[in-house]
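Scroll down for the structure; my scribbles are underneath it.
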Amino acid sequence: MSILQRITLFLRSPRGQQLIDRGRREMAKPQNQAKLRQIAGRFSQKRRPR
């Protein structure tokens, strides 16, 4: 069984669904969205050629 298949099986399991729901609840919070935007901004700045 490949790693991708194992991940898919886990995400479809009850525990995987709990983690997905928790992640969605956390990302619905404005302070977490701001943190993610800040991190994404740092990565995009590093990738831009000068």
Worksheet item: According to the square roots a ≥ b ≥ c of the eigenvalues of the Cα gyration tensor, what is the shape class of the chain, taking rounded for a/c under 1.5, prolate for a/b larger than b/c otherwise, and oblate for the remainder?
Response: oblate
Worksheet entry | Estimated [θ] at 222 nm from DSSP helical runs (n ≥ 4, -39500 (n - 2.57)) normalised by residues in the chain, nearest 500 | -27000 deg cm²/dmol
Worksheet entry | Sulfur and carbon atoms: percent of accessible area, the chain [1.4 Å] | 57 percent
Fill in: Estimated FRET transfer efficiency (residue 36, residue 9; beta-carbon r; R0 30 Å; 0.05)
0.65
Worksheet item: On a 0 to 90 degree scale, rounded to 10, what angle separates helix 30-47 from the longest Cα axis of the chain?
Response: 60 degrees
Discussion item. Counting heavy atoms of the protein chains only and a 1.4 Å probe, report the per residue accessible area for the chain as a whole number of Å².
Written reply: 100 Å²
Item to complete: Could you pull the accessible area for residue 29 with a 1.4 Å probe, rounded to 10 Å²?
Response: 80 Å²
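The values are calculated or read from the model by the stated rules, or taken from the named source; none is laboratory data. Values in this document were obtained by computation on a predicted structure and should not be read as measured data. When we count neighbours, we look across all protein chains shown, and the Cβ atoms used for this are built from the backbone with ideal geometry, even at glycine. SASA here: full protein model, heavy atoms, side chains in, ligands and nucleic acids out. Shrake-Rupley method; radii C 1.70, N 1.55, O 1.52, S 1.80 Å.
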